[in-house]
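The values are calculated or read from the model by the stated rules, or taken from the named source; none is laboratory data. Fair warning: this is a prediction, and the values are worked out from it, not measured in the lab. Backbone-built Cβ (ideal geometry, glycine too); neighbour counts: all protein chains shown. We work out accessible area using only protein heavy atoms, side chains counted, and drop any ligands, DNA or RNA first. Shrake-Rupley method; radii C 1.70, N 1.55, O 1.52, S 1.80 Å.
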Amino acid sequence: MQSSVPPNKCTLEVLANDIAVILDQLSIPTPIHAVVGVSQGGATTLAFAHQHSSLFSRLVTCDTQATSPAANSKAWDERIELARSKNSMVPLADVTVPRWFPQGSTSEFNVGGRREFYIHDMVATTPIEGFAMSAAALQGYDVYPGLADKLKEKKVLLVAGERDGALPGVLSGLRDKLVADGVNAQFEQIPSAGHLPMVDAAKEWLDVVEKFLE
């Protein structure tokens with residue numbers, strides 16, 4: 001929320017390279033044990049695998065996809081236009097919280113939940129143009145071609161919240177494709193969780209991820 005707004009639209013390649021730069025600038029020994037990402041961060045980890053596969057041993061990718069559907073580009077344009085037309089991120093926050101934390105789970109972050117405002121305020125206070133530049137990274141990308149070759153010597157965990165729309169099926173399908181191409185990949189679904197299972201089902205998510213990281 002406090003980051004400066006970049007002058008150009010963001011791409012997954014830029015974000016993936018940022019991870020490599022951070023590791024280098026902080027003199028963190030590589031390969032690191034694991035890289036973990038969710039949503040846009042999950043797509044970034046897949047791009048990171050493409051560009052810097054020598055820098056990590058294990059990959060945890062959550063609630064994302066390797067290829068953005070054609071409809072995604074329009075959806076992100078509509079969200080950007082909503083924020084700009086209202087000159088506020090609040091309307092976007094109003095629709096984002098129910099999508100990330102759908103009814104049917106017991107999360108305190110659901111609409112009406114005791115901690116709903118945490119996530120709502122995080123989205124609402126994001127700079128509009130920062131959001132627009134960042135969202136561009138999720139429009140029209142495809143990191144699947146050649147991905148299996150980059151992951152063949154790695155351990156891969158794909159995770160999705162049970163209530164995160166089509167993404168459990170998408171990531172389960174990605175697991176099947178990677179396994180067919182010789183990758184040591186597995187898929188886990190977090191019961192009752194939405195788009196951010198590490199937030200609204202933290203223990204269940206940790207149980208799965210910590211076991212994988214052992």
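Miscellaneous remarks
- The protection proxy used here, the mean number of other Cβ atoms lying within 10 Å of each residue, ranks peptides 52-65, 117-130, 35-48 as follows, highest first: 35-48, 52-65, 117-130.
- Taking N as the residue count of the stretch 27-74, its C-alpha radius of gyration divided by 2.2 N^0.38 Å amounts to 1.28.
- Surface composition of the stretch 10-165: carbon and sulfur atoms hold 54% of the protein heavy-atom accessible area at a 1.4 Å probe.
- Rg ratio (alpha-carbon, reference 2.2 N^0.38 Å) - the stretch 134-176: 1.35
- Label-to-label distance for Ser3 and Gln186 is 3.1 nm, based on points extended 7 Å past Cα in the beta-carbon direction.
- Per residue accessible area of the stretch 63-186, 1.4 Å probe, in Å²: 49 Å²
- Working note: Cα atoms of the chain, range along each principal axis, descending, whole Å: 48, 40, 35.
- Spatially close lysines, pair count over the chain: Cα under 21 Å, gap of eight or more or interchain: 10
- Check: the chain dipole with +1 on Lys, Arg Cβ and -1 on Asp, Glu Cβ, in debye: 100 debye
- Euclidean distance between Cα centres, the stretch 139-214 to the stretch 1-75, Å: 15 Å
- Relative contact order of the chain, defined on C-alpha pairs under 8 angstrom at six or more residues apart (%): 24 percent
- If you wrap the stretch 47-172 in the convex hull of its Cα atoms and look at it from every side, the mean projected area works out to 8.9 nm².
- Overall form of the stretch 128-214 per C-alpha gyration tensor (a/c, 1.5; a/b vs b/c): oblate
- With the convex hull drawn over the C-alpha atoms of the stretch 1-108, the volume per residue is 163 Å³.
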